[in-house]
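The values are calculated or read from the model by the stated rules, or taken from the named source; none is laboratory data. Bear in mind that the values here come from a model prediction, so they are computed numbers and not experimental data. Cβ coordinates were reconstructed from backbone atoms using ideal geometry, including for glycine residues, and neighbour counts include every protein chain displayed.
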Amino acid sequence: MFVRYADNFVTFVCSERSAQGVFPSVQRYLTHVLKLDANEQQSGVRLSQDYEYLGYVFTGKRVTITIAPKKLQAFNRRVKELGGRSSGVSMLRRLTDLNRYVRGWTGYCGWCQQFDLFDKLYGWIRRQIRMCFWIWDFWLTLSVLSISRVFVL
């Protein structure tokens with residue numbers, strides 16, 4: 001498997017011995033045929049044993065791609081920030097911003113093979129939104145009751 005981002009290249013192989021043999025030929029191919037410069041510190045031929053690259057974790061001999069734990073923590077933090085109860089923005093703006101962020105994140109991480117995780121995240125986001133509506137409804141009801149108490153003689 002070959003992964004490229006800007007000037008960083010990673011090629012995954014099955015064994016350490018094949019990694020030593022493949023690296024010079026891959027580097028020669030990239031520089032001479034494709035006319036690309038490889039960043040020596042961040043590029044290379046590696047085993048696919050829990051290697052984290054660009055927010056993904058590559059594991060196993062058949063290279064299973066999952067989302068990195070740091071990326072999930074950043075996603076949870078950002079969803080809490082956008083869908084927080086005390087953000088002081090309207091529900092329409094909150095839902096629009098949250099929708100835009102989740103769509104972008106799903107486009108980037110959506111092809112990972114973690115379907116159970118996406119179901120859990122979807123349920124968690126729905127609970128966050130529902131909580132915002134409950135709080136909004138509670139304050140609306142409370143304000144109507146307080147106004148009705150003031151004007152009742």
Exercise. Looking at (1) under 30 Å from Arg17 (Cβ atoms); (2) at pLDDT 80 or above; (3) of a type in the set (Ser, Thr, Tyr), find the lone condition where Thr64 falls short.
Key: (2)
Quiz item: If you go through the stretch 23-33, how many residues are modelled with pLDDT of 80 or more, among the aliphatic types (A, V, I, L, M) and surrounded by 10 or more Cβ atoms within 10 Å (Cβ to Cβ)?
Solution: 0
Self-check item: Residues of the stretch 69-101 satisfying the condition of being surrounded by 16 or more Cβ atoms within 10 Å (Cβ to Cβ) and either of a type in the set (Ser, Thr, Tyr) or over 21 Å from Cys132 (Cα atoms) (or both)
Solution: Lys71, Leu72, Tyr101
Practice problem: Tell me which residues, restricted to the stretch 94-111, are hydrophobic (A, V, I, L, M, F, W, C) and more than 10 Å from the chain's Cα centre (by Cα). | Solution: Leu95, Leu98, Trp111
